[in-house]
Structures are given as structure tokens and as C-alpha cells.
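The values are calculated or read from the model by the stated rules, or taken from the named source; none is laboratory data. If you're wondering where the values come from, they're calculated on a predicted model, not measured in any experiment. When we count neighbours, we look across all protein chains shown, and the Cβ atoms used for this are built from the backbone with ideal geometry, even at glycine. Surface accessibility is based on the protein's heavy atoms, side chains included, excluding ligands, DNA and RNA. Shrake-Rupley method; radii C 1.70, N 1.55, O 1.52, S 1.80 Å.
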Amino acid sequence: MTFAAVNQAALWRLVAFIVLIVLLLAAEFRLPRRPVPGGWRRRATNVGLVVFSTALLRALYPLGAVGFAAHWHSGLLHRIDAPWAIATAASLVIFDFAIYWQHRAFHQWTLLWRAHRVHHSDIGFDVTLGVRFHPFEILPSFGYKLLIIAIFGMAANAVAIYEVGLLAFSLFTHANIALLPCVDRVLRWLIVTPDFHRIHHSIHAEELNANFGNILSIWDRLFATVRASPRDGQTGMAIGLVEFRDLGEQEFDALLAQPFR
Ligand SMILES: [Zn+2]
């Protein structure tokens, strides 16, 4: 895979991001699940944070995870000569399993929590929350992703598919949309839905420490971290953290400084 192909993967990710955020924003305005505080200023700040974090990552490591995978010719999957479809499916499941545990580590370890807290301090829950991540969360997550690729030897195109899939799910699972209850019930047996993930953004500690899944919901059932419904109800539950309720905490500079406070 050439550098042009790596750039093409990044371009496709950008296109997917723009198309999905526009579609989900439109769906949120048509069928909102709950009112969202903060208006467009909050949304712009959240998107601003991902632009900043992504630009920083690209400046530090222009090759990206796809480029790393293209140059890394080792790892478990490299040794097993499995058909493309099976190797790709296995890569995606391994990635999702690994990211479930990464998410748990971000809640468990104080230093990592200081970075991940920026994501949880949002008092609103909508599609833009799906990309609100501090550079201190983006950078260690990226290093961890390279480690997973180094161990398992995922192919570059599997990494590209996974990256678009994770982004798409991050946008979808944070969307302020009302799925039909029967649709939500069926979907959440396999995948994370907005109602399932919203519980993870609850102000209550026992709900904050549940529903860690990113794409597949099976890991939460498997490792007993699942919570089916919030105690205050989906429309009544408070989103965010007790210590960051002020609107001033939602400003760009306040978010960048938050891990140090
Ligand atoms: Zn979390």
C-alpha cells in the first residue's frame, strides 16, 4: 500500500464522517429522543476538538494505523493463511474486543480517566459527542491500536474498514435519535444502540461503569457490565459528570485544560 492509498483511506474516512454527521443531525432534528442543551456552540466545540486531535495525530504520525499495517509484515493473522473475508471478520472482532478493554481501562486508571473524562463531561448527548475526544485520549488509543496490529497482524484494508466502522458507530451510538423500541430491542442483542450507550453517559456512577461496548454489545453481556435501562428513565436521566455542570466547562479551552484540573 502506497502513501497515496493511505491518504485515500483517510479521505474515505472524512467523507464517511461528513455524510454520517449530516444524516444523523437531520434525523436528530426530525425525531429527537430528548432536548439537547448548549445549541450549535456546543456542537461546534465538540467537532473542533476532533479536528484538533486528528490534526495533531496526523502531524505526529502521518502514516496512520492503515499505513502502519501496510508496512508491518508480521503477527498472528499473517501466519494463518485464511481467506480474505474470514481474516477481515476476525480482525474486526479482535479489534472490537480489544477496544472494549481499552474503554474499561480508561475508566479504571486515574491518568487515563482524566483524559476520557473530557468525553464524559458533556452535558448533552448527540451525534457530536461521538467525536469529542481529548488528544490525550486519542494518542494512547492510537498507540494501543498499533500494538494490536503488531500482535495480530491485521491487513491494511481490514484496518481501514475497522476505522470507518468505529467512527460510524461512534456517531450512531451517540445520536439523539428515537429508534422504534422493537428495533432497539432486536439490534442491541448484537450491536450497541443509542439507548444502550446513553446509559453509559449517566451522572450515576453505577451506570457510568456499565455498557462499555463500542460496536458489539456482546462483550458487556459476556463480562457482566451490561445495564438494560437507566434508573431515571431514558428521557429523565441526567447526562455528564457532577463536577462539570457549568456551561463554561463546555468551552474549547476549558476542555483542553480539563485533564490537568
Ligand atoms: Zn466511557
* Asked: Using modelled amide H (1.01 Å from N, peptide plane; none on Pro or chain starts), what sits under 5 Å from the amide H of Phe133, excluding residues fewer than 5 places away?
  -> Val50
* Structure fact -> In the chain the accessible area split gives carbon plus sulfur, as whole percent at 1.4 Å, a share of 71
* Under a 5 Å amide H to amide H cut-off, with H placed in plane at 1.01 Å, what residues pair with Ala238 once short-range neighbours are removed? -> Ile203
* To do: Would you pull out the residues with amide H under 5 Å of Ile191's amide H, same chain only if 5 or more places away, H placed 1.01 Å from N?
  => Ser217
* Work out which chymotrypsin sites (Phe, Trp or Tyr not before Pro) in the chain are exposed loop sites (DSSP not H, G, I, E or B, at most 14 other Cβ within 10 Å) and give the longest gap free of them. => 1-108
* Asked: Counting only heavy atoms of protein chains, what accessible area per residue, in Å², does the chain have with a probe of 1.4 Å?
  -> 48
* To do: Compute the acute angle (0 to 90°) between the alpha-carbon long axis of helix 110-120 and the principal axis of greatest extent of the alpha-carbon atoms of the chain; round to the nearest 10°.
  => 60
* To do: Calculate I(q)/I(0) for the range 90-201 by the Debye formula, one identical point scatterer on each C-alpha and no solvent, and give its log10 at q = 0.10, 0.11, 0.14 Å⁻¹ to two decimals.
  => -0.32, -0.39, -0.63
* Förster radius 25 Å - calculated FRET efficiency between Ile18 and Ala224 (Cβ-Cβ, nearest 0.05) -> 0.10
